[in-house]
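Shown next, in structure tokens, is the structure this report addresses.
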Amino acid sequence: MSNQQIKRVFAENVAQNFDAYGFSRRDFMKFCTAITVTMGLPFSMSKMIAKTIEDPVRPPVIWLHFQECTGCTESLLRATHPKVETLVLDLISLDYSETLNVAAGYQVEKALHDSMEKNKGKYILVVEGSIPVKDDGIYCKIAGKTALESVKEVGANCAAAIAIGSCASWGGVQSTFSNPTGATPLHKILTDKPIVNIPGCPPSPYNFLSTVLYYLTLGKLPELDSKGRPKFGYGRLIHEHCERRPHFDAGRFALQFGDDGHRQGYCLYKLGCKGPETYANCPSILFGDVGSGAWPVGTGHPCFGCTEEGVGFTKHVHEQAEVKTFTPGSIYPDIHSEKKGGITVAGAAVTAGAVVVGAKLVSDVSKKLGENDSKDSSNQA
């Protein structure tokens, strides 16, 4: 049987067994379209993505775990379109993962080395967790090797690498002061390979999945920002799409947890929300497919900037953010201030200032008109 015949039989088998995975062909195409939109590609690309997914040649992936909490993998396990079994069994060939391996010990180590040898220069390396480098990396060891040794060995022959989560992307909580283990992000260890950072604590599984499918479909990595993050997922500030943004623009802020403003869903900027300086698509695609209650701001807690290096795990939780767009004005009346005569004290001050400025403007204009009238009279004389 030729390769073309094998591919056709496989595609037909996939189409006939969509129901077995809990979704129809229509649902499958909806998923492909959603991924296409997430990456900012034309709708016509959805058919190409579907073809890539149905291709029987699955790309080998080696997934390494170092200093982390496994939250990134846990987030991926809760993806619903597709589910993790579809990802692992149909979309990619996950040849090694400490969390998802069925085998253990020598068996799984042999599977790792067999995959590296068989797919030399073709496999995708995924790293979850930071790499300790202090004291020759003794703070994290797997199978008798330090994380530093492992990432250099496995990374030497990978086609590309993905740092999933804030720990692998820029060091995460382990790298905060005083960083006792010398926790280091992947891109500072593996400097000669194309690397994509998918930060977050945890990151959206769909940012990861979309990156993988983009690479498989087009044979190249998506457009990245200056920090190695795909722009389709990290090109806009959280602040720009936040559900509480209208309150920010109107000057309505929660001043403490549980106050009237907090209960009414006011902006959390003054409680330390880092959304105005953090780039991510959290409010757009959310988490866990359960609605807005699955991300910090949706639950009433400020964003702590986990996708942004130098913000998450670095700035104090309730320290106010540096607003990248504009700083809220100081003239907004305090929502708790006592109102007198239908206008707040702050509002009265603003109104009085406007009257003074307006009076001066009228005076200047009148003076100018008077000068012009004098000139006209002189010319006529």
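Per-residue answers, yes or no, for (1) at pLDDT 80 or above; (2) in a loop (DSSP other than H, G, I, E, B); (3) under 24 Å from residue 203 (Cβ atoms):
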position: 48; (1), (2), (3): no, no, no
position: 79; (1), (2), (3): no, yes, yes
position: 95; (1), (2), (3): yes, no, yes
position: 111; (1), (2), (3): yes, no, no
position: 121; (1), (2), (3): yes, yes, no
position: 127; (1), (2), (3): yes, no, yes
position: 135; (1), (2), (3): yes, no, no
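Only one of these is more than 23 Å from the chain's Cα centre (by Cα) and either within 27 Å of residue 286 (Cβ to Cβ) or in the same structural domain as residue 80 (by TED's automatic domain parsing) (or both): 180, 199. Name it.
Details: 199 fails: more than 23 Å from the chain's Cα centre (by Cα).
On inspection, the qualifying residue turns out to be 180.
Table: residues versus (1) in contact with a Lys or Arg (Cβ under 9 Å, 6 or more places away or on another chain); (2) surrounded by fewer than 19 Cβ atoms within 10 Å (Cβ to Cβ); (3) polar (S, T, N, Q).
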site: 58; (1), (2), (3): no, yes, no
site: 61; (1), (2), (3): no, no, no
site: 72; (1), (2), (3): no, no, no
site: 131; (1), (2), (3): yes, no, no
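Which condition breaks for residue 151 when tested against (1) part of a helix (DSSP H, G or I); (2) modelled with pLDDT under 95?
It is condition (2) that residue 151 fails.
Would you check which residues across region 276-319 are in a helix (DSSP H, G or I), touching a helix residue (DSSP H, G or I) at 6+ places or on another chain (Cβ under 9 Å) and either crowded, with 17+ Cβ neighbours inside 10 Å or not hydroxyl-bearing (Ser, Thr, Tyr) (or both) and list them? Break it down stepwise before answering.
So the first thing to find is which residues in region 276-319 are in a helix (DSSP H, G or I), and the list is 276-277, 282-285, 292-294, 296-299.
Imposing the further condition that a residue be touching a helix residue (DSSP H, G or I) at 6+ places or on another chain (Cβ under 9 Å) reduces the set to 276-277, 282-285, 292-293, 296-299.
Once the filter is applied, which keeps residues that are in a helix (DSSP H, G or I), touching a helix residue (DSSP H, G or I) at 6+ places or on another chain (Cβ under 9 Å) and either crowded, with 17+ Cβ neighbours inside 10 Å or not hydroxyl-bearing (Ser, Thr, Tyr) (or both), region 276-319 yields 276, 277, 282, 283, 285, 293, 296, 297, 298.
When the residues of region 31-44 are narrowed to those that are assigned to a helix (DSSP H, G or I) and farther than 20 Å from residue 90 by Cα, which ends up modelled with the lowest pLDDT? So that I can check it myself, show each step before the final result.
Narrowing region 31-44 to residues assigned to a helix (DSSP H, G or I): 31-38.
Restricting the remaining residues to those that are farther than 20 Å from residue 90 by Cα gives 37-38.
Working: 37: 72, 38: 67.
For region 31-44, the residue satisfying everything is 38.
Does region 217-255 hold any residues that are in contact with a helix residue (DSSP H, G or I) (Cβ under 7 Å, 6 or more places away or on another chain), free of Cβ contacts under 8 Å to residues at least 24 places away in the same chain and either more than 21 Å from residue 278 (Cβ to Cβ) or assigned to a loop (DSSP other than H, G, I, E, B) (or both), and which are they?
So in region 217-255, the residues in contact with a helix residue (DSSP H, G or I) (Cβ under 7 Å, 6 or more places away or on another chain) come out as 217, 221-225, 228, 230, 232-233, 237-239, 241-245, 248, 252-255.
Cutting the leftovers down to free of Cβ contacts under 8 Å to residues at least 24 places away in the same chain gives us 223, 245, 254.
223, 254 - these are the residues of region 217-255 that are in contact with a helix residue (DSSP H, G or I) (Cβ under 7 Å, 6 or more places away or on another chain), free of Cβ contacts under 8 Å to residues at least 24 places away in the same chain and either more than 21 Å from residue 278 (Cβ to Cβ) or assigned to a loop (DSSP other than H, G, I, E, B) (or both).
The values are calculated or read from the model by the stated rules, or taken from the named source; none is laboratory data. Source: prediction; values computed, not measured. Ideal geometry is used to build each Cβ from the backbone, glycine not excepted, and the neighbour counts take in all protein chains shown.
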